[in-house]
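A.B. asks: Just passing along the structure, written as structure tokens.
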Amino acid sequence: MSIQKPKGTQDLLPGVVEKWQYIEEKARDVCRRFNYKEIRTPIFEHTELFQRGVGETTDIVEKEMYTFPDKGDRSMSLRPEGTAGVVRAYVENKLYGEPDINKLYYIGPMFRYEQPQAGRYRQFHQFGIEAIGSVDPSLDAEVIAMGYLFYKEIGLKGVKVEINSVGNPSCRSVYREELQKFFAPVKDKLCKDCQSRYDRNPMRILDCKKDQEYGVGAPSILDFLDEECSTHFSKVQRHLTDMGIEYVINPRMVRGLDYYTHTAFEYKAAGIGAIDTISGGGRYNGLVGTIGGSSVDQPGVGFGLGLERVLLVLEAQGVAVPGVRPIDAYLIGMGEAAENEVAKQLFALRAAGLTAEKDYLGRKMKAQMKSADRFAAKFTVILGEDELNRGTVTLKRMATGEQEEVKLESLAETLIAKLEQ
């Protein structure tokens, strides 16, 4: 049997990968306008980073991480999400010493061992942002608005924003007790995971898909917010309203990571079955201190958007994403001397910044013209012995069939001028 790709992974082939490039370019453009700078962190980190950062009670750490000992018998894990690694880099490289806040973004693969399904893979890709160094509620709103704008500009329809406040540690300690009281009568009926969460992190029970029925009527954390948390949440709502971002408050939203404080949010859109969560994020005011120590503790807020899910929803909604891009010119040489000149001119056009191609299979002119069509060439450049003797080429505009003879020595300049028209 031939070797096949591992379960839960995919090969992104030419014709498909161009769609990914389009989405990634949109993400980078939005980041440029919001003044976020790219950061690239290792694909694997010390396991302790994710245990401390993501949270030991999360499904990610308990069940889904790819963890292995290296040759020095140190425990390493493939990154299951992006925030912990970015915060580690922020602390290790002392970015907290800069006078302005750090606004960072990343695009890259993440790894979780879970059952593959629509839009969910064991190796998946995320576009995420992290804004570290400020408690300003307008920064929460900026992050939410940035994700919303990204979805809007790539053509996603019907994106809805849901927000909640998960409070601070002091609010949650009181809320935790109330939740335990609420779930105590049904504790034995909860799934095995939620029975474990009951003592360690009862808020996570609200996030369980199996035990939704037992959470009906559970107390809302919004009723336990202190003045600081309540004021912060109100200001976030005010900024979103001022920006024209429609949102719904969902008091049951918890998110799957333990580091969130204050604002939590999700984006939802129709396309994968019913209206479904496509991504989310939130504020994490204690995470930097958890990873780097109290002396470098800084507040932060961010999101992580799964790119596989973006493409799946775009396809389900019938939104066309640009695939194979047309090339500028396809060069055809008829005869050995002309073919030699074509190879020379092909390099010259590419060096001038144009996208150009030629035939490498010795096919006849008719077959080469079909190849030019498959590449969606804007122009074909035809060079035979007669043209070579005159120092010219025949330039054909593929969209109209219009042909003209141009000087060989000025081919690049002529093509550039025509492409700009």
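The values are calculated or read from the model by the stated rules, or taken from the named source; none is laboratory data. Note that the coordinates shown come from a computational prediction; the quantities given were computed from them, not determined experimentally. A quick note on method: Cβ atoms are made from the backbone with ideal geometry, for glycine too, and the neighbour counts reach across all protein chains shown. Each accessible area value is taken on the protein alone, full model and side chains, heavy atoms only, with ligands, DNA and RNA left out. Shrake-Rupley method; radii C 1.70, N 1.55, O 1.52, S 1.80 Å.
A.B. asks: Using R₀ = 30 Å, calculate the FRET efficiency as 1/(1 + (r/R₀)^6) where r is the Cβ-Cβ separation of residue 277 and residue 235; round to 0.05.
C.D. replies: Details: r = 25 Å, r/R0 = 0.82.
The formula returns an efficiency of 0.75 here.
A.B. asks: With every protein chain in place, what's the accessible area of residue 182 (1.4 Å probe, Å², nearest 10)?
C.D. replies: 60 Å²
A.B. asks: Using +1 at the Cβ of each Lys and Arg and -1 at the Cβ of each Asp and Glu in the chain, identify which of 104, 138, 251 lies farthest towards the dipole's positive end.
C.D. replies: 251
A.B. asks: Next up: Between the range 7-26 and the range 60-86, what is the separation of their alpha carbon centroids in Å?
C.D. replies: Centre-to-centre (Cα) distance: 25 Å.
A.B. asks: What does the accessible area of residue 248 come to, in Å² to the nearest 10, when a probe of 1.4 Å is used?
C.D. replies: Answer for residue 248: close to 90 Å² accessible.
A.B. asks: Once phi is turned into ³J(HN,Hα) by the Karplus curve 6.51 cos²θ - 1.76 cosθ + 1.60 with θ = phi - 60°, what whole-Hz value does each residue of the range 185-198 show in order, with x for glycine and proline?
C.D. replies: Karplus-based 3J(HN,Hα) across the range 185-198 equals x, 10, 3, 5, 8, 5, 5, 4, 5, 6, 5, 6, 5, 3 Hz.
A.B. asks: Here is a further query. Tell me which residues come under 5 Å, amide H to amide H, from residue 280 once H is placed; ignore anything under 5 positions away on its chain.
C.D. replies: The answer is 267, 304.
A.B. asks: Could you compute the net charge surrounding residue 361? Neighbours are other residues with a C-beta less than 14 Å from the C-beta of residue 361; K and R count +1, D and E count -1.
C.D. replies: +3
A.B. asks: How far is helix 17-33 tilted, in degrees, relative to the longest principal axis of the Cα atoms in the chain, given as a value from 0 to 90 rounded to the nearest 10?
C.D. replies: It is inclined by approximately 60 degrees.
A.B. asks: Measuring from label point to label point, each 7 Å out along Cα→Cβ, what is the residue 339 to residue 13 span in nm?
C.D. replies: Here the modelled spin labels are 2.9 nm apart.
A.B. asks: Moving on. Can you give the calculated 222 nm mean residue ellipticity of the chain, where each DSSP H run of n ≥ 4 adds -39,500 (n - 2.57) and the sum is split over every residue, rounded to the nearest 500 deg cm²/dmol?
C.D. replies: Computed mean residue ellipticity for the chain: -11000 deg cm²/dmol.
A.B. asks: Also, I was wondering about something else. Can you classify the range 326-371 as rounded, prolate or oblate using the Cα gyration tensor, where a ≥ b ≥ c are the square roots of its eigenvalues, rounded means a/c under 1.5, and otherwise it's prolate if a/b beats b/c and oblate if not?
C.D. replies: On the way: a/c = 2.91, a/b = 1.31, b/c = 2.23.
Verdict is oblate for the range 326-371.
A.B. asks: Tell me which label goes with the value of semi-axes √(5λ) of the Cα gyration tensor in Å computed from the coordinates here: [x] 53, 23, 21; [y] 33, 30, 23; [z] 33, 26, 18.
C.D. replies: [x]
A.B. asks: Semi-axes of the range 186-271's equivalent ellipsoid from the Cα gyration tensor, sqrt of 5 times each eigenvalue, largest first, rounded to whole Å?
C.D. replies: Working: eigenvalues 151, 51, 24 Å².
Sorted largest first and rounded, they come to 28, 16, 11 Å.
A.B. asks: What residue among 279, 195, 220 has its Cα farthest toward the positive end of the dipole of the range 168-316, where the charges are +1 on Lys, Arg and -1 on Asp, Glu, each on the Cβ?
C.D. replies: 195
A.B. asks: Where does the Debye-calculated log10 I(q)/I(0) of the range 182-327 sit at q = 0.16 Å⁻¹, using only Cα point scatterers of equal weight, no solvent?
C.D. replies: Results for the range 182-327 at q = 0.16 Å⁻¹ read -1.11.
A.B. asks: Could you tell me whether the range 1-46 comes out rounded, prolate or oblate from its Cα gyration tensor? Rule is a ≥ b ≥ c as square roots of the eigenvalues, rounded for a/c under 1.5, then prolate if a/b exceeds b/c, otherwise oblate.
C.D. replies: oblate
A.B. asks: Please get the size of the charge dipole for the chain, origin at its Cα centre, with Cβ charges of +1 on Lys and Arg and -1 on Asp and Glu, quoted in debye to the nearest 20. Before the final figure, lay out each step's value.
C.D. replies: Numbers: 56 positive and 61 negative charges, 173 e Å.
The calculation lands at about 840 debye.
A.B. asks: If one takes the longest principal axis of the Cα atoms in the chain, at what angle in degrees, from 0 to 90 and to the nearest 10, does the Cα axis of helix 169-183 lie?
C.D. replies: 70 degrees
A.B. asks: Can you give the Kirkwood hydrodynamic radius of the range 263-385 from its Cα pairs, in Å with one decimal?
C.D. replies: About 19.4 Å, per the Kirkwood formula over Cα pairs.
A.B. asks: Which lysines have a Cα lying under 18 Å from the Cα of residue 187, excluding residues fewer than 8 positions away in the same chain?
C.D. replies: Correct list for residue 187: 209, 210.
A.B. asks: Cα centroids of the range 347-421 and the range 268-334: how far apart, whole angstrom?
C.D. replies: Between the Cα centres of the range 347-421 and the range 268-334 lies a distance of 38 Å.
A.B. asks: Tell me whether the range 334-418 comes out rounded, prolate or oblate; compute the Cα gyration tensor, take square roots of the eigenvalues as a ≥ b ≥ c, and use a/c under 1.5 as the rounded threshold.
C.D. replies: Rounded, because the longest to shortest axis ratio a/c is under 1.5.
A.B. asks: Given a 1.4 Å probe and the protein chains all in place, what does the accessible area of residue 44 round to, in Å² to the nearest 10?
C.D. replies: Accessible area of residue 44: about 110 Å².
A.B. asks: Can you give the angle from 0 to 90° between the axis of helix 227-243 and the longest principal axis of the chain, with both taken from C-alpha atoms, to the nearest 10?
C.D. replies: 30 degrees
A.B. asks: Enter the Cα centre distance for the pair the range 151-204 and the range 104-140, rounded to the nearest angstrom.
C.D. replies: Rounded to whole Å, the Cα centres lie 20 Å apart.
A.B. asks: Using the reciprocal of the averaged 1/r over all distinct C-alpha pairs, how large is the Kirkwood radius of the range 1-93 in Å?
C.D. replies: About 16.1 Å, per the Kirkwood formula over Cα pairs.
A.B. asks: Additional query: When we measure straight from the Cα of residue 160, which lysines land under 19 angstrom away, once same-chain ones fewer than 8 places off are left out?
C.D. replies: Leaving aside lysines fewer than 8 places away in the same chain, those within reach of residue 160 are 152, 268.
A.B. asks: Using the Kirkwood formula over every pair of different C-alpha atoms, what hydrodynamic radius in Å results for the range 53-196?
C.D. replies: One decimal place: 18.9 Å for the Kirkwood radius.
A.B. asks: When only Cα pairs under 8 Å and 6 or more residues apart are kept, what is the percent relative contact order across the range 310-421?
C.D. replies: 25 percent
A.B. asks: Something else about it: Per residue and in Å³, how big is the convex hull formed by the alpha-carbon atoms of the range 112-159? Working shown, then result.
C.D. replies: Working: hull volume 5.9 nm³, N = 48.
About 124 Å³ per residue, rounded to a whole number.
A.B. asks: Note down the net charge around residue 179, summing +1 for each Lys or Arg and -1 for each Asp or Glu among other residues with Cβ under 13 Å from its Cβ.
C.D. replies: My count for the surroundings of residue 179 gives +2.
A.B. asks: So in the range 296-421, what percent of DSSP beta bridges are antiparallel if you round to the nearest 5?
C.D. replies: 55 percent
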